[in-house]
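Beneath this line is the structure, given in structure tokens, with notes to follow.
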Amino acid sequence: MLRRDWNLRRLRVAQGLSQERSALAAGIDRACVGRVGRGSENVTISTLEAMARALSVPVAHLLVEPDGEAERLAPLKAGRKPAH
């Protein structure tokens, strides 16, 4: 089973992006990012492309199955980050 949901979250958290910031960068609804991150929503190719652009990765990085040794990432801190 491909874990697109886990890859999206892993890439997003590794870049320090909240669901809201990644959704804004991709031009999609924040709730959609959350549902995809939980694996409860399937997305279109155009949505995957938008997410990949927002994360600056090839679409294939969202579709690669993580190895069995991959760790779960800790969630980002709740709340908004200060604007810079």
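Stretch V57-N42 to full length: gain in nm at 0.36 nm per residue minus the Cα-Cα span?
Length gained, V57 through N42: 3.5 nm.
Of the GluC sites (Glu not before Pro) in the range 1-53, which ones lie in a loop per DSSP and count no more than 14 other C-beta atoms within 10 Å?
Qualifying residues, ordered by number: E41.
Quick note: the coordinates plus some simple rules give every number you see, no bench work behind them. In this text the structure is predicted, and so the values were computed from the model without any measurement. Every residue, glycine as well, gets a Cβ built from its backbone with ideal geometry; the counts of neighbours run over all protein chains shown.
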